[in-house]
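Okay, structure first, notes after.
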Amino acid sequence: MDRPRIVHLSSVHRAFDTRIFYREAKSIAKAGYDMVLILPHERDEVVDGVRIVAIPRPSGRRERMTRTAWQVYRRALKERAALYQFHDPEMIPVGILLKLSGKRVIYDVHECVKDSTLNKMYISPLFRKPIAWAARLAEIVGTAFFDAIVAATPTIARQFPPARTTLVRNFPSSQDLPVADFVPFAQRSLRAIYAGCIDELYGLRQMIDAAALLPAMPQAAVTLCGSFDSPETEARGRQLPGWNRVSFLGFQNRARLAALFAQAQAGLIVIPPAPNSIDSMPNKLFEYMAAGLPVVASDFPQWREIIDGCHCGLLVDPQNPQAIADAIQWLLDHRQEAEEMGGRGRQAVQAKYNWQQEEGKLLSLYERILGRRGHGSCAG
C-alpha cells in the first residue's frame, strides 16, 4: 500500500528552515508519510527522509512572487499528493488554484500578514496600509477555500475561524540543535550572543549600541551569528560606534551554533516593539532556553509570561541600549545565578515548551483531513 504523499510549498523560505524542515517535515516523514518539500534550493536531494524538489532561486521579490510561485505550483501538480501545505502569504493564489483542482490544502501561517506588511521598509509608506489590508483580505478569501489553517501563535490563530484552525507553535525539538558538552558559566568565553536574521527590525542597532556600553574586555561584547537581511543593513551596522565591540561570525551550521551557545553567557532577543513582534513566539527564545542560556529579552506580555514563569532570564525595554547592557552585565557579574536561570529554561523546554507536544496536533489534523481514504492512495 502506498504511503500518502504530503507536499509542503514555499517560494520564500530556505529548504532547511527551522519550522518547515526540522520540525514539520521531519516529523511528517517519521510518521510514515511520503514527505516532499518544493521550494527554491540548489538541487534535488533527500535529507532525513524528506525529498526536496528544487526550484531555481529568484533574482528578486518580483520574480519570486510571479515566476517562482508559478514554478512551485506547476511542480506541485506533478506530485499528485494527498495533501498540500503552503507557508507564505504570497502563495495564497497557488493554494486557491490547487483547491480548485480538487486538492486538499492547508495554509500554514507563520506571522500576522497585515502587521508584517506594515513593517516592510522596502514598501513605500504611502502604500503600506493599502497593501497590508489587501493581503489580509486575500487571507480571508483564501480561508473559504482551504481545508484548514495551521497557526504558529495564539494571536494568529484568533484571526481565523476556530473550527478550522489548529495551533502548532514553534517550540524546539530535542533534535533542533546538537548537544554540545556543557561548559560551566565561570569558564565561558563569550558574553552575549544573537543568532538569526540580522535586521534592524530584530534589534540590530540596539544590540550594537548596548555592546558599546559594556566594559572593555579582550573578547567581543556581543556575538552575531546569521545573515544580514540586506547589504544596506550591514553597511549601516558597521558604521555604528559600537561595531568594534561586536564579533560578526556570519551564518553558522547547527553543530557550530550549538558549540557557540555552550560558550555564551546570555542569549539576546531584544526586538523593538511592533504589532507583529509583540505577539510573536520566536524560535530563538526557545532555542536559547533549550541550550540552557539565560535570555535578555524584550518585555512583551507573552514573553514575560514565559520568562518570568520559569525565571529563566531578564526582561528589558528593547529600545533602551543601556537597559540591555545592564542586563548583560548583571548576568556576567552573577554567573551562578545566570547558570541556574539557564537550567530552569532548559527544564521548561523539556517539560512544556517542546515540539514533541506540537507535532501530535499537526499529525492529528492530517488524519482528520485525509481520513482512511488518505491512507490508501497518493492521488489527490
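The values are calculated or read from the model by the stated rules, or taken from the named source; none is laboratory data. Small disclaimer: the values here were computed from a predicted structure and weren't measured. Neighbour counts are summed over all protein chains in view; Cβ atoms, including those assigned to glycine, are modelled from backbone coordinates with ideal geometry.
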**Lone qualifier among MET65, MET35 - being surrounded by 15 or more Cβ atoms within 10 Å (Cβ to Cβ), modelled with pLDDT under 95, of a type in the set (A, V, I, L, M) and within 21 Å of ILE106 (Cβ to Cβ)** = MET65
**Request:** Give me a count of the residues in the stretch 202-226 that are surrounded by fewer than 15 Cβ atoms within 10 Å (Cβ to Cβ) and within 30 Å of HIS13 (Cβ to Cβ).
**Result:** 0
**Message:** Looking at (1) closer than 21 Å to GLU111 by Cα; (2) without any contact (Cβ under 8 Å) to a residue 60 or more places away in the chain; (3) crowded, with 21+ Cβ neighbours inside 10 Å, which one does PHE16 not meet, given that it meets all the others?
**Reply:** (3)
**Asked** Just to be sure, is TYR22 closer than 27 Å to ALA144 by Cα, of a type in the set (Phe, Trp, Tyr) and assigned by TED's automatic domain parsing to the domain that holds ALA163?
**Response** no
**Request:** Could you please let me know if ARG51 is surrounded by fewer than 20 Cβ atoms within 10 Å (Cβ to Cβ), in a strand (DSSP E or B) and out of contact with any Asp or Glu (no Cβ under 7 Å at 6 or more places or on another chain)?
**Result:** yes
**Item:** Selection within the stretch 211-220 - within 16 Å of GLY267 (Cα to Cα) and either part of a strand (DSSP E or B) or in contact with a Gly (Cβ under 8 Å, 6 or more places away or on another chain) (or both)
**Value:** ALA211
**Per-region count, the stretch 301-347, residues in contact (Cβ under 8 Å) with a residue 12 or more places away in the chain, of a type outside the set (A, V, I, L, M, F, W, C) and assigned to a helix (DSSP H, G or I)** = 15
**Item:** Members of the stretch 274-285 found to be over 15 Å from VAL316 (Cβ atoms) and crowded, with 24+ Cβ neighbours inside 10 Å, listed by number
**Value:** SER280
**Item:** Enumeration of residues in the stretch 154-170 that are modelled with pLDDT of 90 or more and part of a loop (DSSP other than H, G, I, E, B)
**Value:** ARG158, GLN159, PHE160, PRO161, VAL168, ARG169
**Asked** Is it the case that ILE306 is of a type in the set (Val, Ile, Thr), surrounded by fewer than 19 Cβ atoms within 10 Å (Cβ to Cβ) and either under 18 Å from LEU167 (Cα atoms) or not assigned by TED's automatic domain parsing to the domain that holds LEU260 (or both)?
**Response** no
**Fill in**
In the stretch 54-87, anything assigned to a helix (DSSP H, G or I) and among the aromatic types (Phe, Trp, Tyr) is listed as TRP70, TYR73
**Prompt:** Which of the following residues is part of a helix (DSSP H, G or I) and not aromatic (Phe, Trp, Tyr): LEU268, LEU249, LEU257?
**Reply:** LEU257
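Okay, residues lined up against (1) within 26 Å of ALA152 (Cβ to Cβ); (2) free of Cβ contacts under 8 Å to residues at least 60 places away in the same chain; (3) assigned to a loop (DSSP other than H, G, I, E, B); (4) touching a strand residue (DSSP E or B) at 6+ places or on another chain (Cβ under 6 Å):
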site	(1), (2), (3), (4)
ALA180	no, no, yes, no
LEU190	no, no, yes, yes
ILE193	yes, no, no, yes
ASP209	no, no, no, no
GLU232	no, yes, no, no
GLN263	no, no, yes, no
SER277	yes, no, no, no
LEU285	yes, yes, no, yes
**Complete:** For the stretch 137-148, pairs from a residue that is assigned to a helix (DSSP H, G or I) to a residue that is aliphatic (A, V, I, L, M) and modelled with pLDDT under 85, with Cβ under 7 Å and 6 or more apart or across chains, are GLU139/VAL113
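In the stretch 265-277, how many residues are out of contact with any Phe, Trp or Tyr (no Cβ under 9 Å at 6 or more places or on another chain) and either within 20 Å of ALA338 (Cα to Cα) or of a type in the set (Asp, Glu) (or both)?
0
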**Complete:** Out of (1) at pLDDT 95 or above; (2) at negative phi, the one ARG3 does not meet is (1)
**Fill in**
If we keep only residues of the stretch 74-111 that are more than 19 Å from ALA148 (Cα to Cα) and free of Cβ contacts under 8 Å to residues at least 40 places away in the same chain, then the residue surrounded by the fewest Cβ atoms within 10 Å (Cβ to Cβ) is LYS78
**Request:** State all residues of the stretch 25-48 that are assigned to a helix (DSSP H, G or I), in contact with a strand residue (DSSP E or B) (Cβ under 7 Å, 6 or more places away or on another chain) and of a type outside the set (A, V, I, L, M); if no residue qualifies, say none.
**Result:** LYS26
